Structures are given as structure tokens and as C-alpha cells.
Amino acid sequence: MNTVFVNGELIDRDKAKIDIEDRGYQFGDGIYEVIRVYDGSTFTMKEHMERLYQSAEKMKLSIPYGEEEFTSKLLKLIELNGIGDGIVYVQVTRGVSPRQHHFPAKDVAGSVVAYTKDFPVPVGQMENGVTAKLVEDIRWLRCDIKSLNLLGNLLAKEEAASNGHFEAILHRGDTVTEGSSSNAFIVKDGVIYTHPVTNLILNGITRRVIESLCGKNGIMFQEKTFSVTELLGADEVFIASTTSEVMPVIEIDGKVIGEGKPGAVTKRLQSLFSERIGIETR
Ligand code: PDD
């Protein structure tokens, strides 16, 4: 069954309609989340929902449901669609109103859409590692908001993908920020480094899980910026996101990273991450 959630109703996907003057459609004026489902159970749902409400607050956007009500609607959607390994995509826009840049009147309700999709765990890529391309980070200065406006990310991803790479690793000048749809990490002398949580990156939920796994398992984790040179000279590089989990990067711009295969620290994190999924979705 292909049921979707549109403005409070669970309906058939074919019956879903979006107004041409929806501000999400016209301006990208909205926010979203991608939440993982493993074997029918959500993973870190609460963290994703909290971030959605935080993004809404930062955008001065009001979500027409409370967090608990919204969460139970999404769980219902997952159940109805019989999702095993997949994702639920959730989007909230500033609603429908005649096109004008300033915000519509307060009584214009936000538009809310959610749908599910099968998404198998990318086992092969996680085992073998992927390649990446360095791309200048030309995005705006509020990358902490999970906004629908992803043009900077899309241009970067396309530059990488059209050259056969899995991800674009972004840098502002010499400083590596994050991936086009992931957070970026290096391992040097047994220590994991990643960009601190600032306006220049998305505070990834997967990143937070990794940080907590490191804390609990005695793996050194430092929120500290690193340069492009440090990236290319790292012992290991990996990226992380809801859909990629802990993904080893074995080559960047043609330069082999470490031994050119997933490193020991990355592999340890992968197995700790899988354990954590097992515990949370049991
Ligand atoms: N992307 N940074 C950016 C720019 C992202 O778009 C994402 C996620 C992340 C990782 O966040 P998380 O661990 O919470 O998934 C970091 C999602 C999956 C997407 O846009 O499809």
C-alpha cells in the first residue's frame, strides 16, 4: 500500500495534491527530516522530531501539530505501508498564500507532507568504502537549519556524482565543513575529528550517535575543525548520515586515503553502530 500523510490525513499517494502557490514549492520555504526505519522500527525518531521543531523555531515557522501527535501519525504511516528497512520523509512548509517574499498572515497553516520509502542498508558500500570529491562550500550561513533550500548542496552533490563519486566533501577555504548530505570525519593517530556544531554544519543525528558511542567505548572524539590537507593526509576518513550510517571514504579527488580500504576505527564504529540499532529497535 502506498499511503502518504498530507495535512493531517492519511491518503493514497495518487490522491495527494500540492497547491502551486505552496511556499515550499515556490521558495523552498520549509524544513524536512529523513528518519530511518529498520525492520519496521524507527531509529532516533525523537532526536529527529526535536530537530524538526528546532528548525521550525529558527525559521519562525509553526508546525500545526504537537510533537507527540505528529510522531504517532508518522508511526501509523510506517505501519500502514509495511515498511521494513526504509525511511520516512517529513516536510513542513510555510503554507499556501499568494506569492510574496514576506511571510503570510499568521492564520495561514503550514503544509505538512510525509511519505515512506524502502531503503535497504547500503551494505556493499559500507564494506568496501566509497570515493568523494572536494567541492567549495558555497552555501548560506545557516546550515544548522534543515531547510528545504538545498541548492548549494545539490550543486555540490551533482559535481561529485557526475564524476562517479558517492559524496561531495565541502570546504570553506581551507576548512572542511561537512558532506553535501552527511557529516565528515577524519581519524588521525586514533583520534576522530569532526567540525564543531556551529551554523556552518547540520548537527547530524548520526554524528551525535557516533559521539555517544565513542564516549561509551573509549574512542577519542574531538570536535575540532580540520583542513583540506589534514583530510587528505588522514589515516581514515568517513562520512555519516541517516541513510549512509558510518560510511568509509577510501579516496578523495583521486588521492588514496590511508591504506585505501575501510580503516580499523571506522570498522569498529560500524559494528558499534549496528549494535546500537539492534538495541534501540529491539
Ligand atoms: N541528510 N549534513 C547534511 C548537509 C545533511 O543533509 C545530512 C543528512 C547530514 C546528516 O544528518 P543526519 O545524521 O541527521 O541524517 C549532515 C539527509 C539524510 C538527507 O538530506 O537526505
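The values are calculated or read from the model by the stated rules, or taken from the named source; none is laboratory data. Remember, predicted model here, so these are calculated numbers, not experimental data. Backbone-built Cβ (ideal geometry, glycine too); neighbour counts: all protein chains shown. Only protein heavy atoms, including side chains, enter the accessible area calculation; ligands, DNA and RNA are left aside. Shrake-Rupley method; radii C 1.70, N 1.55, O 1.52, S 1.80 Å.
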Checklist entry - Which of the residues that make up segment 83-124 are in a loop (DSSP other than H, G, I, E, B) and within 22 Å of Glu245 (Cα to Cα)? => result Ile83, Gly84, Asp85, Phe119, Pro120, Val121, Pro122
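Residues checked against (1) touching a helix residue (DSSP H, G or I) at 6+ places or on another chain (Cβ under 6 Å); (2) open to solvent by 30 Å² or more (accessible area, probe 1.4 Å); (3) touching a residue at least 24 places away in the same chain (Cβ under 8 Å); (4) at negative phi:
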site: Glu67; (1), (2), (3), (4): yes, yes, no, yes
site: Gly82; (1), (2), (3), (4): no, yes, yes, no
site: Ile87; (1), (2), (3), (4): no, no, yes, yes
site: Arg94; (1), (2), (3), (4): yes, no, yes, yes
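Please find, within segment 163-213, the residue that is nearest to Tyr32 (Cα to Cα) out of those that are part of a loop (DSSP other than H, G, I, E, B), of a type in the set (A, V, I, L, M) and near the ligand (Cβ under 10 Å from one of its atoms).
Leu202
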Item to check | Filter result for the condition that a residue is in the same structural domain as Phe273 (by TED's automatic domain parsing), aliphatic (A, V, I, L, M) and under 26 Å from Asn163 (Cβ atoms), over Ile252, Ile210 | outcome: Ile252
Next on the checklist: I'm trying to understand the selection: among the residues of segment 1-60, which are in a strand (DSSP E or B), away from the ligand (no atom under 14 Å from the Cβ) and of a type in the set (Val, Ile, Thr)?
Outcome noted: Thr3, Val4, Val6, Ile11
Next on the checklist: Among (1) open to solvent by less than 50 Å² (accessible area, probe 1.4 Å); (2) more than 22 Å from Leu52 (Cα to Cα); (3) more than 12 Å from the ligand (Cβ to nearest atom), there is one condition Ala114 misses while meeting the rest; what is its number?
Outcome noted: (2)
Checklist entry - Restricting to segment 125-162, what's the tally of residues that are touching a residue at least 40 places away in the same chain (Cβ under 8 Å), part of a loop (DSSP other than H, G, I, E, B) and either of a type in the set (Lys, Arg) or surrounded by 13 or more Cβ atoms within 10 Å (Cβ to Cβ) (or both)? => result 10
Item to check | Selection from segment 214-247 of residues that are within 13 Å of the ligand (Cβ to nearest atom) and either open to solvent by less than 30 Å² (accessible area, probe 1.4 Å) or in contact with a strand residue (DSSP E or B) (Cβ under 6 Å, 6 or more places away or on another chain) (or both) | outcome: Phe238, Ile239, Ala240, Ser241, Thr242, Ser244, Glu245, Val246, Met247
